[in-house]
Structure formats: structure tokens, C-alpha cells
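Below is one structure, written out as C-alpha cells; the observations come after it.
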Amino acid sequence: MRRPKLVEHAATEIRAAQYVRMSTSEQKYSIGNQAARIAAYAARRNISIVRTYSDPGKSGVQIAGRRGLQDLIRDVQLARADFSCVLFYDVTRWGRFQDVDESAYYEFICKQAGISVHYCEDDFENDGSFASDIVKVNKRAAAADFSKQLSRKVFFGQCNVITPGYWRGGPAGYGLRRMLINEAGKPVQILEYGQRKSPKSQHVILVPGPKAEIRIVQSIFDLFVNKKKSRQAIAEHLNAKRLLNARGNAWTMQTISNTLEGENLEKEMLDRSTRILSLEPG
């Protein structure tokens, strides 16, 4: 008597794919948290998750580089989907596209192929009603605005660091060193490769490195500008002399390009560093 019930239950079970994306370490949007909440939603509705598309550590501003979402859309368009619905944590997991119609476009591709879209944590039913459409538009606009505001804050934050002559981060170029200074502008120490500053009141500037490295940088420019040597020829010339680059490795065409192309920025930072170190406290 029980067997027909099991068959009937299996027949009504819905096959689904889930899409998860995380561009930040914020716990709310961790991959594990998204998957857990989606699984709870699926269990309540007798939905079986048969496939997962994932983009961990990927920005939602554009689809480029998001292999998981690209694969999802491609499988839907090529009729390779073995599921009838897609589960998302919320509307923003499509992305925080600057054009709010972009996520709507991807959702339309799914719906056109007969695949419904569920937003497991949003407080509305994605049933095509006027009310749900209004909510989705608002959420997409809010997601786009969040991305714009975050980008603007990061940009101005970087400007505030660079304008006084402080180094914004990353390794120093060949012939340069990162120096830690205190809030009075006085030198504290030279930072080794991989070493970072800790107190917020301290800053990092670029200063000239060993004289031997400075002479090699000057030699690189002389070979490139005056002697018309190629980047590859310059790298071979330095390697023949057993001179190592900033990472202690052999020179390559790319490391020569980095030295040549970074010269203007590095020179400007050195000029600013000199001015900062010459200032008296106050």
C-alpha cells in the first residue's frame, strides 16, 4: 500500500539547479550560507537540487569572468538543462549590473526556455505578477546603486591615499623600496617583501632602493631608448650578467616592460616621498 505513495511523491518532485555567487567575505553572502538557505527552501517545496553553478570570489558588476553564470545561460539556451527551475539566494545574485535590465534579460532567457526562477530569501513570490515585477525592479536598481556607491567610495579612498604621496599598496618596483613612516612623517623602517603595515596612523611611501639597482634601472632605459634594444634582448643581457629582478628571479620580457612602463609613476612617487620626508611635524 505504501509503494504507490512513494512513486507518486517521486513523480511530483521538481528538479532544480542552484546558482551561488560571492564577491565578498561577508557572512551573509558566503557560498555555504547561500547553499544552506537554498537547500532549506528546496526541502520545503519538494525540490531536488541536481546541479550547481558557482562563481566564488567573483564581482557581480559584469558577466565577464563569471564561468558559472555563463555555463548556466549556455545550458539553458542550448536546451541542455536537465532541470525545470533555478534557485537563487536573492535577486542580487544575478549581479549588481549597472544596467538593471541585464539581470532581467538573463531571467527572461530562462523563462523563455520554460525554466522558472526562484529567489529563496526574498520576501516575494516570483510569480510574474505586477507586484513581484515592481519588487524585482526596485531590488535590481538598489543593487546597481550599491555597486556604484561602493566603486565611488573606493576611488575616493584611493585618491586620499595617493594625493599626499602615500603608496596605495602592492610591491614596489625594481630600484625602489617601501618605507613605513609615522603620522609625523618620520621614517620607521623599510618594509621587506610581503611585510605589511599594521597601525592605521602609519603610512607607506616609496623611497630609492640600493644604488646598484638604480644603476640597473638607468641601464635598462639606456638600452631601450638610446640603443634601441628590444625588451627580450634587455632581459637576456641582464641574465647573462647574472643580475636578478626584484623577486630574485631571472629577468623576462614582462619584468622589463613593468620597469619601463612604471617609470613615470615611480618617479612621481619618489618626488612626493622626498617632499614628505622633508616636512617638519605639524
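The values are calculated or read from the model by the stated rules, or taken from the named source; none is laboratory data. Because the structure is predicted, anything quoted here is derived from the model rather than measured. Every residue, glycine among them, receives a Cβ derived from its backbone with ideal geometry; neighbour counts consider all protein chains shown.
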Worksheet entry | Among residues of the stretch 219-251, those that are surrounded by 15 or more Cβ atoms within 10 Å (Cβ to Cβ) and either in contact with a Cys (Cβ under 6 Å, 6 or more places away or on another chain) or hydroxyl-bearing (S, T, Y) (or both), counted | 1
Worksheet item: Taking the stated definitions as given, is H203 of a type outside the set (A, V, I, L, M, F, W, C) and either surrounded by fewer than 12 Cβ atoms within 10 Å (Cβ to Cβ) or modelled with pLDDT of 90 or more (or both)?
Response: no
Fill in: Test for R67: is it under 19 Å from the mean Cα position of the chain (by Cα) and more than 18 Å from G114 (Cα to Cα)
yes
Discussion item. What are the pairs with Cβ atoms under 8 angstrom where one residue, in the stretch 87-100, is on the phi > 0 side of the Ramachandran plot and the other, located anywhere, is part of a loop (DSSP other than H, G, I, E, B)? Sequence gap at least six, or different chains.
Written reply: G95/G60; G95/V61; G95/Q62; G95/I63; G95/R66
Discussion item. Looking for something out of contact with any helix residue (DSSP H, G or I) (no Cβ under 7 Å at 6 or more places or on another chain), assigned by TED's automatic domain parsing to the domain that holds Y53 and of a type in the set (K, R) - is there at least one such residue anywhere in the stretch 96-104?
Written reply: no
